[in-house]
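For reference, the structure is listed below as structure tokens.
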Amino acid sequence: MGRRPVTVRVARWSAEHPWRAIALWAVFVAVCFVGGSAAGLNEATDEDQAIGEFGQAQLIVDSGGFDRPATENVLITARSGSLDQAAARVAAQDAADRLRQVDGVASIGTPMPSRDGSALLVPITMTGDPGTAGDRVQPLRDTTAKVQDAHPRLRVEQVGGPSIDKALDDTLGKDFKRAELLSLPVTLAILIIAFGALIAAGVPVLLALSSVAAAMGLSTLASHLVPATDTTASVILLIGMAVGVDYSLFYVRREREERARGRSGLDAVEIAAETSGHAVVVSGTAVIISMGGLLLAQDAIFSSLAVGSILVVAVAVIGSLTVLPALLAKLGRWVDRPRVPLLWRLTAPGNGQPARPRFWPAVLRPALRAPVATLLISVALLLALAAPALGMKLKFPGPEDVPRTTAAMQAYDRLTAAFPSNGTSHTVAVRAPAEQAGRVRAALTDLAGRTAADPLFAPAEGDGPEIQVSADRRVSVLEVATPHASRSDEASRSLHELREDLVPATLGGIPGAEYAVGGGVAASEDYAAHIRAKLPIVAAFVLALTFLVMAWTFRSVVVALTSIVLNLLSAGAAYGLLVLVFQSTWAEGLLAFTSMDAIVTWLPLFLFVVLFGLSMDYHVFVVSRIREAVDRGMPTREAVAHGITSSAGVVTSAAVVMVAVFSIFATLSMIDFKQLGIGLAAAILLDATIIRAVVLPSVMTLLGDANWWAPRFMRRRTPAPAVDPPPAPAPELVGAR
């Protein structure tokens, strides 16, 4: 007999030395986690995240070394009718007197009335690091609440960046806490239903959690090479739980199936390693390739997500091949304890073979008996679902997309209505030789005058435009406000008018001047252009390498091509569904959101690589079972029926876990997470049902033996796996030719 595959040799050693394997895994996880904690996290800077002209403007501003303290405001308005100016000034003086006594307040500005007299604004400058102002703003909010109690006839409220940050952090904190509390019991409940036994359900969760813990530590260490962002940890948890549970589920199911056929514990583990273990390696490689494609985006956020995802997938694969066989060998038949009586009877193998499903043969019957018609209809439906993606718009969410359930955001709406210049604004940043400072100031003053007469812009409040100049007189900054919402067409037009007309006209003639227009609207526009430019590059990389891996794994060019096409169909349908749901208003009440008439800018690229990677889990597992049957002499049609029906239970269970966990994200408050949750859940659901149970069997049945065509140098030269022939599929599935 030839040399056994490495997955089998590793699994056999782990199964024969379970305590050593378990101890080594525990030490590995602990060292990774403790080492990462000791090294500390290196976070990405503004320079790391500079994209397009927005990034250039940010770097110019940063080079000026400005002291930009955190600012807050006390906003005084009438509860109804017009504002009593005398009462408002008394309240403003009371607020100023009280706030001067609060730690963390550097100064109180002069109260400023709105142009229409509907509001009075008291500016507050805070001390300390602006980045931590949100953590220190609560004493100011408490003081403002006391002012409100003292003046009940007026509306006195605090609003500003730190207050909004605090409110958002509180909202997101509650959201994520609820998501974490729900995801673990939901995952366990689904696995208990899938296995009918508590220990068998707990093993995948244990491996997934330990993989996440190790990857968290490793990603912290890796952040000193590739700086991390604040979303990295969340993505590690999301991807880690998904693949960790999937890989364990595939492995445990196969081991139980082989034991039900009468295999010894060690033999069952070896066969699981040779079949499901091999599929895990291929699937993990496909996910790593997909996530690695994000590095080509040349973007600090995506690079950080790529490194975190690659690490957690690699750790989950290693755990599946090492500690999982040890756990299964040590537990033996105890893995099926304690049993849940009713569920155990429904899920347990019997009579030496897995229980024959009834639902999936019925689903498969059209694909096997009329593959052409089934393929045409199913592909037409998927393409129809994908068609709306052609009208996809990309934008960053703006302040208007933040839930109005918090007092801070309600106050923000009143602030921007009374003082439009405090809402959306563009940052005009200029860097020029110090001797040109006078000309730069004159040009920026001219620019402010031109915008004041344009309805696309909001005139400056107070005594004219405020131009900030650095200590060395080389950097000057002007904020140009617009009264329009940040993602509105009017805000976009105002940005283009600045960039293409007004700024070049006023600043273009200054010798040695470097200028750029930034701000929130610019960030959204520039990042959308960045994504559109990078998506084809990333997609081409992922498609090419995935094709090579699949072709070499299955020794078939045709299988590799169909894998690519099927995953593209799945991703396209997910994109179309996102557009249907979130660029329209019909689902607003159902999902508790307000349509932004666009998809969040970063989502299409991230969604593509995640879906392409995760959907390969199912594809590799299903096609591996089909190929295994073909290698044992079963005709392709019967092999397709066997492969899909025998893997349907585990694929369905894994998909239900993913769909359930991703759907929890759709319940969060922020539109970003709603779109991410719906996109992932819908794509996984489509992939595990229509793609795997309808399109895939139709294609493979139609192609027959052509599925396995490959050039001579790629053809399989090693003997087939030493496993028993699979049982024949139900006659009604394959009877019609």
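The values are calculated or read from the model by the stated rules, or taken from the named source; none is laboratory data. Computed from a prediction, not measured in an experiment: that's the story for all the values here. Here the Cβ is made from the backbone with ideal geometry for all residues, glycine too, and neighbour counts use every protein chain on show. Keep in mind that these areas ignore ligands, DNA and RNA; they rest on the heavy atoms of the full protein, side chains included. Shrake-Rupley method; radii C 1.70, N 1.55, O 1.52, S 1.80 Å.
Charges at C-beta only: +1 for Lys and Arg, -1 for Asp and Glu. How large is the resulting dipole of the chain about its Cα centre, in Debye rounded to 20? If you can, show how the numbers build up before the last one.
On the way: 62 positive and 64 negative charges, 813 e Å.
Here the chain has a charge dipole of around 3900 debye.
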Q. Which of [x] 3, 13, 21, 22, 16, 11, 9, 5, 1, 0; [y] 2, 10, 16, 19, 20, 18, 10, 3, 0, 0; [z] 3, 16, 27, 26, 16, 8, 2, 0, 0 is the computed P(r) over Cα pairs in 10 Å bins from 0, in percent for the structure on display?
A. [x]
(Q) Projecting each Cα onto the charge dipole of region 467-561 (Lys/Arg +1, Asp/Glu -1 at the beta carbon, about the Cα centre), which of Ser470, Thr506, Val549 comes out farthest on the positive side? (A) Val549
Q) What whole-number value in Å² describes the accessible area per residue of region 68-182 for a 1.4 Å probe? A) 51 Å²
Q. Can you give me the Cα centroid spacing of region 398-433 and region 125-164 in angstrom?
A. 17 Å
(Q) I need the phi-derived Karplus couplings for region 31-43: 6.51 cos²θ - 1.76 cosθ + 1.60, θ = phi - 60°, integer Hz, Gly and Pro marked x. (A) 4, 4, 5, 5, x, x, 4, 5, 6, x, 9, 9, 8
Q: Output the pairs from Lys166/Lys395; Lys174/Lys674; Lys395/Lys534 with a Cα-Cα distance over 22 Å in this structure; if there are none, say none.
A: Lys166/Lys395
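For every helix of n ≥ 4 consecutive DSSP H residues, a contribution of -39,500 (n - 2.57) applies; sum these over the chain, divide by its total residues, and give [θ] at 222 nm rounded to the nearest 500 deg cm²/dmol.
Values: 28 runs with 448 residues, N = 737.
For the chain, the value works out to -20000 deg cm²/dmol.
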Q. Along the charge dipole of region 366-464, Cβ charges K/R +1 and D/E -1, which of Phe457, Ser378, Ala411 sits furthest on the positive end?
A. Ser378
**Q.** Accessible surface ranking that places the most exposed of Tyr247, Tyr515 first, with a 1.4 angstrom probe
**A.** Tyr515, Tyr247
Q: Mind jotting down the distance between the C-alpha centroids of region 594-637 and region 528-575, whole Å?
A: 10 Å
Q. For region 247-287, what is the accessible area per residue in Å² when the probe is 1.4 Å?
A. 20 Å²
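If Lys and Arg each add +1 and Asp and Glu each add -1, what is the summed charge of the other residues whose beta carbon sits under 9 Å from the beta carbon of Val8? Each step should come with its number before you reach the end.
Numbers: positive: Arg4, Arg9, Arg12; negative: Glu270, Glu274.
Overall, the nearby charge balance is +1.
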